[in-house]
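The block underneath contains the structure these notes are about, expressed in structure tokens.
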Amino acid sequence: MPISSTPLSTRGSSATAVTPRVALGVATTIFFMWGFLTSLNDVLIPHLKAVFELNYTRAMLVQFTFFGAYFLMSLPAGWLVARLGYKNGIVAGLVIAGVGALGFWPAAALRMYEAFLASLFVLATGITVLQVAANPYVALLGPEQTSSSRLTLAQALNSLGTTLAPLFGGLLILGTTVKSGDQIDALPAAEQIAYRAAEAQSVQGPYVGLAIALVLLAIFVYLFRLPSLTEDTEQADTSHHTLLDALREPHVLFGVLAIFFYVGAEVSIGSFLVNYLSMPDIGGITEQQATHYVSAYWGGAMIGRFAGSWLLVRFSPRRLLALFAAANIVLLGVTLMSAGQTAVYCIVATGLFNSIMFPTIFALGIERLGPLTSKASSLLIMAIVGGAVLPLLQGALADHIGVHYSFVLPVLCYAYIIFYGLVGSRPRVGNIRGD
């Protein structure tokens, strides 16, 4: 994974800019933080499902709201990053996410599901800005032929965040048993007040702590002299290209669909793991115990990304992408046809093969685009809305055919990714660098 050790002062940066290697190190802290925040939803869902006595479809509104923000806010985020630049765009994203995390304090105090959803939307808006700024930034911090490897390494730190978050959330958010509405009504008035206060604090404390961490990280990044890489932003686009110009490139269009289906599959599996593994015929464990398996699911992605950053330098990213998608189809097929520990281990193992998918699809989707890069980046981040749509669809399936058989939906998603890796990711012949 070659990264130059020469300061990028000739790439739109000041003479005192840090080296690409140091810049990559700073950027990975951003990837860790948004991975942590995203994975915490997998713990928040069963908690809110129990607190508000929701069915699976309504519970999945958490993911619908969170990832729906990617669709609604990606274009505004792209506009913001184009004007602020990658570094200041990252700072803005961290601050916005911090405001959203702070919103969990009044939401928990009010005990309103809609208030939680509103706070999640603001939080996800900040992460959308981070995604639009940080993904192309890391991809551009070195040679184009190793961009998949570089982005996969950064995403490995993202997976470290998604691995730790379920353990953190399981301990602080799912550490106590949530009572039903009837059980609460049966308590004396004083005990009801004490119970609701404790229930609110189990969410308030973690998210307020995260809000403080996000603001401190924003200050750190702002004070750091990161290279700006302005030649690959709209600031260098003298032709004033549009989003449609980017979509006219087939590998961008197919990449948008690949991100949609990949994120949808990954989030759907993670969102249902706690409830799925606590089923008597599958894992037969408590929801808090199931969070350890959720951590293992995301931990597999982390291990796969560290290994993938090495593999992607030596093997074709397109073929590896198709191979990993095929492996997940096999694992989910076994899950659908089995029960008990076999189903548990197979569903958790899909995390390992999810590992290289997002960074590889993203890097292939912005390949050889020049000033069109930020346009394509906004479109690819917008496609993360798959994490809103597909879990909601799987929730509807789970309500009708059961959680177990609802995993047929991710199988179809991985089938498309095989197509993208082998066929859809190849750029058109000719110059497509915005000329």
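The values are calculated or read from the model by the stated rules, or taken from the named source; none is laboratory data. The shown structure was predicted, so the numbers you read here are calculated from the model rather than taken from an experiment. Cβ placement follows ideal geometry from the backbone for every residue including glycine, while neighbour counts extend to all protein chains displayed. Remember, those area values only see protein heavy atoms, side chains included, never the ligands or the DNA or RNA. Shrake-Rupley method; radii C 1.70, N 1.55, O 1.52, S 1.80 Å.
Find the Rg to Rh ratio for region 306-422, where Rh is the Kirkwood radius over alpha-carbon pairs and Rg uses the same atoms.
Answer for region 306-422: 1.02.
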TODO: For an R0 of 51 angstrom, estimate the FRET efficiency from the Cβ-Cβ distance between residue 326 and residue 110 and round to the nearest 0.05.
DONE: 0.60
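How much length, in nm to one decimal, is gained on full extension between residue 222 and residue 336, taken as 0.36 nm per residue of separation minus their Cα-Cα distance?
Separation in residues times 0.36 nm, less the Cα-Cα distance, equals 36.2 nm.
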Task: Equivalent ellipsoid semi-axes - Cα gyration tensor, region 259-301, angstrom - done: 21, 12, 7
TODO: Compute the distance in nm between two label points, each set 7 Å from the Cα along the Cα-to-Cβ direction, one at residue 412 and one at residue 243.
DONE: 2.5 nm
Open item on the list: What is the percent carbon and sulfur in the accessible area of region 52-102, measuring with a 1.4 Å probe over the protein chains and ignoring ligands?
Closed with: 73 percent
Task: Inter-centroid distance (Cα atoms) of region 83-123 relative to region 35-66, Å - done: 16 Å
Open item on the list: If you split all Cα-Cα distances of region 364-435 into 5 Å bins from zero, what percentages do you get per bin, shortest first?
Closed with: 3, 14, 16, 18, 16, 11, 9, 6, 4, 2, 0
